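A.B. asks: Pasting a structure here, questions to come.
The values are calculated or read from the model by the stated rules, or taken from the named source; none is laboratory data. In this text, all values refer to a predicted model and were calculated from it rather than measured experimentally. These accessible areas exclude ligands, DNA and RNA; they are computed on the full protein's heavy atoms, side chains included. Shrake-Rupley method; radii C 1.70, N 1.55, O 1.52, S 1.80 Å.
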Amino acid sequence: MSLIQSEISNEDPEQLFRVLEVIGQGSFGVVCTCINTITNEVVAIKFLEMEGEENSSLKKEITILKNTVRCPYIVKYHGCYVKENNLMIVMEYCDGGSILDIMQMCQRTLTEIQIAAILYQIVEGLVYLHSNKILHRDIKAGNVLVNRLGQAKLADFGVSAILVNTGFKQKTVVGSPYWMSPEVISPPKGSNGYDSKADIWSLGITAIEMAESKPPLFNLNPVKVIFVIPFRQPPTLETQSNWSPEFNDFISKCLNKEADKRPSAIELLEHPFIKKGKENSHHIIGELVEECIPTMKEYRRRKAEEEEEEEEEEGEENHGSSVSSSGLQKGTLLKINTVTQRATIMREGSDSDENGGSGGTFIYNPKDSSNTSNSGTVVFSRGNTKDDEEFDSGSVVFKGSTLVEKFESMKLKYQQKLKQHQDSDDDDDDDEDDDEDNFDSGSVVYTKSPLQDD
């Protein structure tokens, strides 16, 4: 039995999980938040299409996640499921998203103490990885997740490497160009590859990224960056006088072009800047997440509205996953978006209506532990009802898209976007604001109490 097959649960994921929201998209597949309908726990699920032959990088990612479940500084692995040739990797959900999400959605950079607190926890994560002969190889703000508990966690081990023995080094050029170390791109003469010190370089670049919202050389094309990094002097903060001597020294030590002169992760724990970050790190990160979550929710809601408007202008009647109105009875819910709090419902005579149904507002409480199906109430204004005999509100009996349908829908959307932006340099981290939380169909059971007049 192969590694992946041995890890796959025999349970049906359709019976265990319901999709809540798409939080990431890329060439690898789709990442969604889902709710476990038995435990009511919210998790993150990475959806990937299984290939004919077992994917070695996928095997590696699952192995690493499985072997690091005890480290609090690495995103926790919950298991694997398969449905209709789609692999689902279930992981811990971090409600603060990534550090890149926070910077982009809230249009901010981080303070020095916030950077120190995050870096302290990431260094702890690297100590664990490196002591277990694991190279992350893609350290960057987009792969650092945070939560309300004040925890920072390393994620995305898709290009990571497991060293066979202590003296073994890697030769494959992988990672994100702006964060790559010089020896990964161009090994020095006489060198037989690179080791864990490559992660230390990426950590230094990530420190600058958090301080300045972007990594050094970000104005250059990523292909050109690969040819530039090995021959330029190590980058520094743009205005070093704005930052403490400890922070500048931390960056200079991480970004030494001679890999063997960089400190190891365990040595970095003794650096004054990291020691400063250790004090109250959970409180500092937790405060940051709590402060940013409302803005991030509003950002996602606004983006979802903008996408709906764009698709309406393009004449696409079916936004996201929807159903045909033919043969549907009055009271059938055609579409729900829990981000924009909108719903579309089939009403009498709507087959001839160009909009295919009347609009309404969907109201639900995601914090309600008993609400495992995203059901709620649709409230309609009197102006949207056909006549006085129709009721203004009703309860939604949800029967939305399956996990597999959701994955296929999002994969199709990504492929379409990829064709439209072939020349774009955006990477996977830039796709998390795509189509948000649209559910397919259901029925509305009308109540006997019409909406109260204002």
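A.B. asks: Which log10 I(q)/I(0) values does the range 13-289 give at q = 0.08, 0.12, 0.13, 0.16 Å⁻¹ under the Debye formula, counting every alpha carbon as one identical point scatterer?
C.D. replies: The computed values of log10 I(q)/I(0) come out as -0.33, -0.75, -0.88, -1.32.
A.B. asks: Output the pairs from LYS189/LYS261; LYS197/LYS257; LYS133/LYS278; LYS46/LYS214 with a Cα-Cα distance over 19 Å in this structure; if there are none, say none.
C.D. replies: As for pairs spanning more than 19 Å Cα to Cα, those are LYS133/LYS278; LYS46/LYS214.
A.B. asks: Another question, if that's okay. Beyond 13 Å, how much of the Cα-Cα pair distribution for the range 35-112 remains, as a whole percent?
C.D. replies: Roughly 75 percent, rounded to a whole number.
A.B. asks: Please calculate how many Å² of accessible area the range 13-289 carries per residue, with a 1.4 Å probe and no DNA, RNA or ligand atoms counted.
C.D. replies: Result: 42 Å² per residue.
A.B. asks: Search the structure for amide H atoms under 5 Å from the amide H of PHE17, placed 1.01 Å from N in the peptide plane, and list their residues when 5 or more places away or on another chain.
C.D. replies: So PHE17 has HN proximity to THR37.
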